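Take a look at the structure set out below.
The values are calculated or read from the model by the stated rules, or taken from the named source; none is laboratory data. Only a predicted model underlies this, so the values are computations on that prediction, with no experimental measurement involved. Ideal geometry is used to build each Cβ from the backbone, glycine not excepted, and the neighbour counts take in all protein chains shown.
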Ligand code: PMP
């Protein structure tokens with residue numbers, strides 16, 4: 001006797017998947033059987049990777065591996081509890097003290113990821129009496145953080161300080177009650193570097209508007225951490241705005257090479273997050289190896305400046321060559337270089353052909369970017385050699401001609 005067949009209550013999921021496949025929006029996972037790096041083994045094939053966020057090549061740096069192994073030997077594999085119960089180890093506190101020194105802020109609190117840092121901090125410090133003003137292209141984790149907040153929010157045009165000023169002036173004129181009652185806090189939230197286009201937020205102009213209105217600036221430096229500013233301190237350092245940005249979120253998952261997020265700001269910001277931020281209160285802390293390797297990364301970034309120099313030299317060369325070949329690389333100013341191809345079908349085909357040519361460049365399609373702005377998103381790292389970049393560029397050239405994306 002078999003199990004009696006019943007209608008599957010989740011059958012609609014199959015229909016949704018079918019619709020995604022039909023629109024060329026379904027993306028299978030590629031599986032990596034090597035370490036992360038400039039050359040990886042993906043789906044059983046050796047390829048040059050232009051798709052990681054491992055900007056400085058720290059995921060596999062010998063000092064990082066050693067720090068992680070020593071932490072495992074000394075402190076074990078897991079932390080065993082959330083920070084507020086029994087999961088705060090000396091390593092967590094040391095990492096936060098080092099990050100605060102590095103960022104030139106009073107205090108830092110780490111989170112399990114950059115994503116949870118955003119969804120932790122935004123609803124903790126904002127409520128019904130406050131207003132959030134957000135760039136229209138902010139990262140999903142900022143958007144989710146806003147969704148979890150009771151604060152009303154308004155959106156300004158991407159990277160446009162004039163739009164920010166206009167939206168803010170109107171919101172302040174109306175006020176909390178429609179009659180001009182002031183907000184307790186106005187929080188202007190922006191990515192430091194936008195992850196799909198690689199452009200940098202116009203932070204000096206944003207800070208100017210904020211100061212005019214007594215607002216606080218919140219910058220998410222996920223893609224600026226380890227990339228922009230002195231020794232990779234981020235966008236605030238890049239623009240010389242120390243002391244004028246209330247909240248800096250950083251990630252430990254990209255250039256830092258491990259996993260995690262952090263919030264850098266005042267002592268009271270850190271203290272209130274410890275009391276109230278839900279991912280901090282209700283989810284287990286980093287394993288010792290994670291905290292130890294992150295700590296080592298911050299030291300490496302200051303002791304081996306040649307890594308960030310190499311990252312930028314590679315970036316400049318790769319961008320210039322892609323443009324010379326005739327590709328549209330959008331408004332990127334950072335190591336994130338989108339190769340904008342338009343429709344998702346061409347983009348996915350392009351990515352698949354590149355893969356056959358030994359180059360891994362991920363396609364990014366709707367809904368992550370607009371329907372007609374599908375792209376191959378490339379990130380070069382400090383670990384790429386000239387030869388690897390030349391090979392990758394030759395593959396872009398071949399596939400570009402084959403698919404009629406570039407001519408000449
Ligand atoms: N913010 C931005 C702007 C990001 O690009 C990302 C990663 N895609 C995150 C936050 C999340 O960081 P993490 O991977 O550490 O969760």
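Here are some residues: 120, 198, 114. Which one is in contact with a helix residue (DSSP H, G or I) (Cβ under 6 Å, 6 or more places away or on another chain) and either within 19 Å of residue 251 (Cα to Cα) or buried (at least 24 other Cβ atoms within 10 Å of the Cβ) (or both)? Walk me through how you get there before you give the answer.
On the way: 198 fails: in contact with a helix residue (DSSP H, G or I) (Cβ under 6 Å, 6 or more places away or on another chain); 114 fails: in contact with a helix residue (DSSP H, G or I) (Cβ under 6 Å, 6 or more places away or on another chain).
Of the residues listed, the single one that is in contact with a helix residue (DSSP H, G or I) (Cβ under 6 Å, 6 or more places away or on another chain) and either within 19 Å of residue 251 (Cα to Cα) or buried (at least 24 other Cβ atoms within 10 Å of the Cβ) (or both) is 120.
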Condition (residue is surrounded by 16 or more Cβ atoms within 10 Å (Cβ to Cβ), within 15 Å of the ligand (Cβ to nearest atom), in a loop (DSSP other than H, G, I, E, B) and not assigned by TED's automatic domain parsing to the domain that holds residue 377) applied to the stretch 152-174: is it met by at least one residue? yes
How many residues does the stretch 255-290 hold that are closer than 18 Å to residue 98 by Cα and within 16 Å of the ligand (Cβ to nearest atom)? 14
Subset of the stretch 358-408 [surrounded by fewer than 14 Cβ atoms within 10 Å (Cβ to Cβ) and touching a strand residue (DSSP E or B) at 6+ places or on another chain (Cβ under 8 Å)]: 372
Could you please give the count of residues in the stretch 27-49 that are under 15 Å from residue 363 (Cα atoms) and exposed (fewer than 14 other Cβ atoms within 10 Å of the Cβ)? 2
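Scan the stretch 241-252 for residues that are over 16 Å from residue 142 (Cβ atoms) and within 16 Å of the ligand (Cβ to nearest atom) and jot them down. First the steps, then the outcome.
Going residue by residue through the stretch 241-252, those that are over 16 Å from residue 142 (Cβ atoms) are 241-244, 252.
Selection gives 252 alone.
Here's a check for you: in the stretch 82-97, which residue that is assigned to a helix (DSSP H, G or I) and without any contact (Cβ under 8 Å) to a residue 40 or more places away in the chain is surrounded by the fewest Cβ atoms within 10 Å (Cβ to Cβ)? Don't jump to the end; show me each part of the working.
Start the filter on the stretch 82-97 by keeping residues that are assigned to a helix (DSSP H, G or I), which leaves 90-97.
Remaining after also requiring without any contact (Cβ under 8 Å) to a residue 40 or more places away in the chain: 90, 93, 97.
On the way: 90: 10, 93: 12, 97: 13.
Out of the qualifying residues, it is 90.
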Among residues belonging to the stretch 202-228 that are closer than 20 Å to residue 382 by Cα and in contact with a strand residue (DSSP E or B) (Cβ under 8 Å, 6 or more places away or on another chain), point out the one that is nearest to the ligand (Cβ to nearest atom). 222
Please go through the stretch 178-201 and pick out each residue that is in contact (Cβ under 8 Å) with a residue 12 or more places away in the chain, away from the ligand (no atom under 16 Å from the Cβ) and part of a loop (DSSP other than H, G, I, E, B). 183, 184, 185
Check the stretch 41-61 and report whether any residue there is in contact (Cβ under 8 Å) with a residue 12 or more places away in the chain, part of a loop (DSSP other than H, G, I, E, B) and farther than 20 Å from residue 378 by Cβ. yes
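Whether any residue in the stretch 109-121 is more than 16 Å from the ligand (Cβ to nearest atom) and more than 30 Å from residue 180 (Cβ to Cβ) is what I want to check. Walk me through it before giving the result.
Applying the first criterion (more than 16 Å from the ligand (Cβ to nearest atom)) to the stretch 109-121 yields none.
No: the stretch 109-121 contains no residue that is more than 16 Å from the ligand (Cβ to nearest atom) and more than 30 Å from residue 180 (Cβ to Cβ).
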Take the conditions within 14 Å of residue 103 (Cα to Cα), at pLDDT 95 or above and more than 12 Å from the ligand (Cβ to nearest atom) and apply them to residue 231. Does it pass? yes
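Each row is one residue, and each column tells you yes or no for (1) at positive phi; (2) in contact with a helix residue (DSSP H, G or I) (Cβ under 9 Å, 6 or more places away or on another chain); (3) surrounded by fewer than 17 Cβ atoms within 10 Å (Cβ to Cβ).
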position: 80; (1), (2), (3): yes, no, yes
position: 99; (1), (2), (3): no, yes, no
position: 140; (1), (2), (3): no, yes, yes
position: 147; (1), (2), (3): no, yes, yes
Residue in the stretch 123-131 that is within 16 Å of the ligand (Cβ to nearest atom), touching a helix residue (DSSP H, G or I) at 6+ places or on another chain (Cβ under 9 Å) and on the phi < 0 side of the Ramachandran plot present: yes
Contact list, first residue from the stretch 102-126 and not assigned by TED's automatic domain parsing to the domain that holds residue 238 and part of a helix (DSSP H, G or I), second anywhere and within 12 Å of the ligand (Cβ to nearest atom) and modelled with pLDDT under 95, beta-carbon distance below 8 Å, six or more apart or interchain, is none
